[in-house]
Amino acid sequence: MLSMKKKIIMMAAAAALMVSCGGGGGNRGGLPNFGDNEFPVRTIEGQTAAMQTTYPAAVKGVQDVEIRPKTSGFLTQICVKEGQTVGAGQLLFVIDNATQQAAVRQAQAAVNTAQAQLNTSKLTYESNKDLFEKNIIGQFEMSATENTYATAQAALAQAEAGLATAKEALSFCYVKSPAAGVVGTIPFKVGALVSASSPQPLTTVANISSMEVYFSLPEAVVLGMTKEAGNLNAAIQRLPDVKLQLKDGSIYNHPGKVTKASGVIDAATGTVQFIARFENPDRLLQSGASASVVIPHEAENAVIIPQSVVMQVQDKKFVYLVGQDNKVTYTEITVDPQDDGNNFIVTGGLQVGDRYVTNGITKLTDGQEIVPISEAQYEKKISDAIKLGENQSSAKGFINMMSGKK
């Protein structure tokens, strides 16, 4: 009985040895070792890629109005708070107006006096007119009465103008919002002396129902757009909807539309300023914020490769390029900063028709000669190696079982 058990164990060991030697290669650490320097290689074919370009931008309200006083005086009331939503014509600040109120009362008194004088002159004029028609008074008296009446009318008009001026000066002490929007920073406190010449405005009212986003495109890009479309306005109309990347990296959930451009090249930066408009129903965007405008576009005949075939060293990226002599070259590439997490769009270092290694790149060295195979062949070898490993594991388990090991 013991002899039979030994024979079975010897047979199992022989089977395991035969399995382990099968395929002419073997397995190191469970990984395929083809033993013939074979690596999967892919040839680059041009594809249509959805790309996007990002430009730094500044966000502003459609209407950002600096609120400045038209008169000098001490602030007596601040009627709003920072961040408050206000309507057009709403009272924001009150400036000390005792002097202006006194001027209005004085002007009103002058109007009353002029009105009384006009009433008297009118009665005299109408009375003398009757006397003149009855030939009781002469032409001289009649003309003098007419002149006095006209003078009284002019005096009243002058007094009313003075009253209007006084009232306008008083109205300057009540600073109102010229537009609907959100109140910005208020740098002054009650009691502060303000004037029209103050370097700081009382505040800013920003209409943020929709926002204007300012960004700049390089002169060369604008020139290419203009040539293709025929003119700058046509180029703007052909631009797709743009996206807005916020400071936290998220994409604003409302698309924008480029509406206008300055049409003048900034000599200092060599760029042209563009403006895109974004609706802001949730009031998420704030005037003065910084962001990035993302412009999508399609690239024809683009080079797209999986990120898995790329080796990254610090901020540089490399692939193994396969030459005509089947020797690999450690080649640096540049890629578009925007990617989908799986592939890179290559902007430099590779071109259509080039060949590159898609797997096993950690085993390669620069200048090494390889045997290129297809990715399908490589996958088959991987599958065969896995089956080989499973057979080896089964044989070892059988030996352990028969020898009484766990």
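Just so it is clear, none of the values below were taken in a lab; they were calculated from the coordinates. Quick caveat: nothing in here was measured; it's all calculated off a predicted structure. Every residue, glycine among them, receives a Cβ derived from its backbone with ideal geometry; neighbour counts consider all protein chains shown.
Looking at the chain, send over the antiparallel percent of its DSSP beta bridges, to the nearest 5. Don't skip to the end; give the middle numbers.
Details: 77 of 80 bridges.
Expressed as a percentage, antiparallel bridges in the chain total about 95.
In deg cm²/dmol, rounded to 500, what helix-only [θ] at 222 nm does the chain give when every DSSP H run of at least 4 residues adds -39500 (n - 2.57) and the total is split over its residues? Don't skip to the answer; put the middle values down first.
Working: 6 runs with 135 residues, N = 406.
Per the formula, -11500 deg cm²/dmol.
Each Lys or Arg adds one and each Asp or Glu subtracts one; over the other residues with Cβ under 15 Å from the Cβ of Y330, this totals +1.
Summarising the amide proton neighbourhood of A289: residues at separation of 5 or more, or on other chains, whose placed amide H is nearer than 5 Å comprise V59. Contact order, relative form, for the range 266-369: 25 percent (alpha carbon pairs under 8 Å, 6 or more residues apart, mean separation divided by residue count). Shown here: Rg and Dmax of the Cα atoms in Å, derived from the displayed model; of the candidates (i) 22.7, 85; (ii) 22.2, 77; (iii) 44.0, 169, it corresponds to (iii). Between the range 193-235 and the range 58-101, the C-alpha centres lie 25 angstrom from each other.
Summing Lys and Arg as +1 and Asp and Glu as -1 over all other residues whose Cβ lies under 14 Å from the Cβ of L91 gives a net charge of +2. Determine the alpha carbon to alpha carbon distance for each of K176/K260; K363/K387; K81/K257; K129/K167; K81/K260; K70/K189 and list only those over 29 Å. Among K176/K260; K363/K387; K81/K257; K129/K167; K81/K260; K70/K189, the Cα-Cα distance tops 29 Å for K176/K260; K81/K257; K129/K167; K81/K260.
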